[in-house]
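Student: Below is the structure I would like to discuss, written out as structure tokens.
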Amino acid sequence: MSFKTGYIMANQLFLLSMPGGSEWILIVIAVLVLFGGRKIPEFMKGLGRGMREFNDAKNNVKQEFENGMNEPPKPAPSPETKN
């Protein structure tokens, strides 16, 4: 594959992955039709609540990890001698 062919393929993939202005308008209209004007604020509130819970859980895991890294190492148990 030549550089030009690779460049064209990458450029086409980029164009397929990013919606343009008219696509965004169609997406907004489809969301309005499917959910209605009254359901969208409830949907956004639920989405915001879910994002907040996710970020809280992420921060808790990060904090626990950092606390675990800052703990002094526990001494190894001494081997018991058998008689």
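Student: I want to check the label-to-label distance for VAL61 and ILE27. Put each point 7 Å from Cα in the C-beta direction and report it in nm to one decimal.
Tutor: My value for the distance between the label points is 2.6 nm.
Student: Need the list of aspartates and glutamates near LYS45 for cross-linking: C-alpha distance under 14 angstrom, and skip anything on the same chain fewer than eight residues off.
Tutor: Within the straight-line limit of under 14 Å, LYS45 reaches these aspartates and glutamates: GLU53.
Quick note: the coordinates plus some simple rules give every number you see, no bench work behind them. Since the model is a prediction, treat every value here as computed from it, not as a measurement. Backbone-built Cβ (ideal geometry, glycine too); neighbour counts: all protein chains shown.
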